Amino acid sequence: MVSVKSIKLNSVNNAKRIVLKVGSALIVDPTTGSIKESWVKSLVKDILFLLNKNKEILIVSSGAIALGKSELGLQNKSLKLSEKQAAAATGQISLAKAWKSIFEEIDIKCGQILVGHSDLETRRNAMNTRATLNTLLKLNVIPIINENDTVATLEIRYGDNDQLAARIAQLVEADVLILLSDIDGLYSHDPKNSPKAKFIEEITHISSDIESMAKNTKSNIASGGMITKIKAAKIATAAGCHLIIAHGKNKNSLLELINGGKHSIFKANLSPLNAKKKWILSKRDKLKFVKIDNGAENALNLGKSLLAAGIKSNSNSFHRGEIVDILSNNDTLLGCGIIAYDSDEIEMIKGKKSTEIKKALGYKGRDEAIHRNDMVIN
Ligand code: GLU
C-alpha cells in the first residue's frame with residue numbers, strides 16, 4: 001500500500017464520496033489512439049489508496065469517441081454526429097474492457113453505467129440511476145460512467161463529461177468532484193498565450209469575473225474546455241459538492257493531488273445534505289400531499305422513514321420523484337419529501353405492510369414511501 005506522509009488536501013481527505021472524472025486526453029494516447037494502459041494502472045493504484053481509506057469512488061470516464069475514432073480509422077477527420085456515435089459505439093467496448101481488466105488485477109469489480117441526458121434530467125429516471133449507483137457502491141463495485149453517446153441527439157446530449165460528472169455528483173450527493181484534466185486549474189488568462197496569467201487556487205463564489213476567465217482552451221482530443229468546467233462547478237457547488245480541477249497527465253497524479261499538489265478548488269458553501277434539503281423545500285407544491293396516521297408521525301419524530309403502512313390518504317396528482325407535503329391526521333404540515341411512488345400506486349398500497357406491497361402492485365417496490373434521506377421535517 002502507498003504511504004503518504006502528510007495529507008494536506010482536506011476537501012478530499014474529509015470526503016466520503018468522491019466522483020472522479022477522467023478526460024479523454026489523459027486516457028487515450030493521441031498518437032496511437034489507444035488506451036494509455038500504464039497511466040490507467042497508476043490511477044487505479046491511487047484509487048485503491050482512497051478505497052483503503054474507506055472512501056467511495058465513482059469514475060466518469062471519457063475516451064469512447066477518441067478510441068473508436070482510431071479503431072475505425074477516422075482520426076484527423078472532423079466527424080458528423082452519426083460518425084462520432086459510431087466511434088463511441090466501438091470505443092466504449094474497449095474503454096470498459098480496459099477499466100475492467102485493470103481493476104480485476106487488484107480484485108476490484110467495476111460496473112458500466114451509460115446515461116443519457118434524459119436519464120438524469122427526468123426525475124423518475126434519475127431516481128433509478130441514483131438507486132443503481134448507490135447499490136453498486138454498497139456492493140463495493142466501482143461505477144464507470146459515460147454518456148450514452150450512441151443514442152443522444154445534438155440537442156439532448158451533454159456532449160462533455162465535465163457537466164455529466166457534475167450531474168452525477170449532484171445525484172449521488174458526492175462530497176467532492178475531481179476533474180482530472182489536461183490543465184492544472186483556473187488561470188486569470190490563458191497561460192499558453194498570456195504572460196500575466198495568474199493561477200487561481202480557491203474560488204468561493206463563481207462571479208462574472210471568474211466566468212470571463214474561462215477561455216475555451218480546447219485540447220485536440222478532449223471536448224471540454226474551461227467553460228464546461230465552470231458550468232460543472234456551478235452545478236456541483238450548488239449541490240454542496242466541492243469541485244477540484246487538477247492536471248492528470250503524470251502517473252500517480254491523483255495521489256499527488258491528495259498530497260496537496262497544484263489544483264484549483266471551487267468551494268461549496270453548504271453540505272450535500274443541506275443542499276438537498278434546500279432543493280426539496282424549493283420544489284414544494286402544497287397541492288401534492290400524503291396524510292399520515294399517528295403511528296407514522298411518531299416514527300418520523302424518531303428519525304425514521306415514512307412507510308406505506310402509515311399513509312391514510314393522498315392527493316391524486318403526483319408522480320414518483322416529486323416533492324409532496326406530509327400532513328398529520330389533523331392536517332398539520334409535518335414536512336415534505338421525495339415520494340417513491342405515483343399517487344395511483346399510493347392509493348393501492350396505503351395502509352399496507354411492506355410485505356404486502358408486491359401483491360398490491362404486482363411488483364416489489366421500495367419499502368419506504370418517502371426515505372428519511374429524502375425528507376425535510378419541520
Ligand atoms: N463521452 C465522450 C467519450 O467518451 C467524451 C466527452 C468528453 O470528452 O467530455 O468520448
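Every read-out reported here was derived from the displayed coordinates using simple, explicitly stated rules and does not represent laboratory data. The structure displayed is predicted, hence computed values, not measured ones. Note that we place each Cβ from the backbone using ideal geometry, even for glycine, and neighbour counts take in every protein chain shown.
So what is Rg over Rh here for the chain, counting just Cα atoms and using Kirkwood for Rh?
Computed over Cα atoms, the ratio is 1.01.
Which order do Glu104, Glu173 fall in if you start with the one that has the fewest other Cβ atoms within 10 Å?
Fewest-to-most Cβ neighbours within 10 Å comes out as Glu104, Glu173.
Given a cut-off of under 8 Å on Cα pairs at least six residues apart, what relative contact order in percent is computed for the stretch 127-260?
The value is 30 percent.
Let me make sure I get this right: for the stretch 1-148, a, b and c are the square roots of the gyration tensor eigenvalues over alpha carbons, sorted descending. Under 1.5 in a/c it's rounded, otherwise prolate if a/b > b/c, else oblate. Which is it?
Because a/c hits 1.5 or more and a/b fails to exceed b/c, the stretch 1-148 counts as oblate.
DSSP beta bridges in the stretch 12-141, what fraction antiparallel, as a percent rounded to 5?
10
Could you run the Karplus curve 6.51 cos²θ - 1.76 cosθ + 1.60 with θ = phi - 60° over the stretch 126-141 and give me ³J(HN,Hα) per residue in whole Hz, x for Gly and Pro?
4, 5, 5, 4, 4, 4, 5, 4, 5, 5, 4, 5, 4, 8, 6, 9
Through the Karplus equation 6.51 cos²θ - 1.76 cosθ + 1.60, θ set to phi - 60°, convert the phi angles of the stretch 97-112 into ³J(HN,Hα) values in whole Hz; use x for Gly and Pro.
Ordered by residue, 3J(HN,Hα) equals 4, 5, 4, 4, 5, 6, 5, 4, 4, 10, 6, 10, 8, 10, x, 8 Hz.
What does DSSP give for the stretch 176-278 in terms of the percent of beta bridges that are antiparallel, rounded to the nearest 5? Please report the intermediate quantities before stating the final value.
On the way: 5 of 13 bridges.
Antiparallel bridges: around 40 percent, rounded to the nearest 5.
Step through the residues of the stretch 30-46 one at a time and calculate ³J(HN,Hα) from phi using the Karplus curve (6.51 cos²θ - 1.76 cosθ + 1.60, θ = phi - 60°), rounding each to whole Hz and writing x for Gly and Pro.
3J(HN,Hα) across the stretch 30-46, in whole Hz: x, 7, 8, x, 10, 5, 8, 4, 6, 5, 4, 4, 5, 5, 4, 5, 5.
Let's see if you can work this out: charge +1 on each Lys and Arg Cβ, -1 on each Asp and Glu Cβ, no other charges. What is the dipole magnitude of the stretch 94-145 about its Cα centre, in debye to the nearest 20?
So the dipole magnitude of the stretch 94-145 works out to roughly 220 debye.
Ranked from highest to lowest mean number of other Cβ atoms within 10 Å per residue, what is the order of the peptides 281-288, 366-373? Show your work: numbers first, answer last.
Details: 281-288: 13.1, 366-373: 18.5.
The peptides rank, most packed first, as 366-373, 281-288.
May I ask you to sort Glu83, Glu56, Glu356 by Cβ crowding, counting other Cβ atoms within 10 Å and putting the fewest first?
The fewest-first ordering by Cβ neighbours comes to Glu356, Glu83, Glu56.
With +1 assigned to the C-beta of every Lys and Arg and -1 to the C-beta of every Asp and Glu, and no other charges, what is the dipole magnitude of the chain about the Cα centre in debye, to the nearest 20? Can you show the working numbers first?
Numbers: 54 positive and 40 negative charges, 77 e Å.
Approximately 360 debye in magnitude.
Would you please classify the overall shape of the stretch 270-319 from the alpha carbon gyration tensor, given that a ≥ b ≥ c denote the square roots of the eigenvalues, rounded means a/c under 1.5, and beyond that prolate means a/b larger than b/c while oblate covers the rest?
It comes out oblate by the Cα gyration axes.
Within a Cβ distance under 15 Å of Leu273, other residues only, what is the Lys/Arg minus Asp/Glu net charge? All intermediate terms of the calculation are to be shown ahead of the outcome.
Details: positive: Lys16, Arg17, Arg130, Lys276, Lys277, Lys278, Arg372; negative: Glu173, Asp175, Asp374.
Local net charge: +4.
For Lys138, Lys249, Lys277, which order do you get if you count the other beta carbons within 10 Å of each Cβ and list the fewest first?
If I rank by nearby Cβ atoms, fewest first, I get Lys138, Lys249, Lys277.
Please give the charge dipole size of the stretch 158-300, origin at the Cα centre, charges +1 on K and R Cβ atoms and -1 on D and E Cβ atoms. Round to the nearest 20 debye. Intermediate results must be reported in sequence, preceding the final value.
Numbers: 21 positive and 15 negative charges, 70 e Å.
Dipole size: approximately 340 debye.
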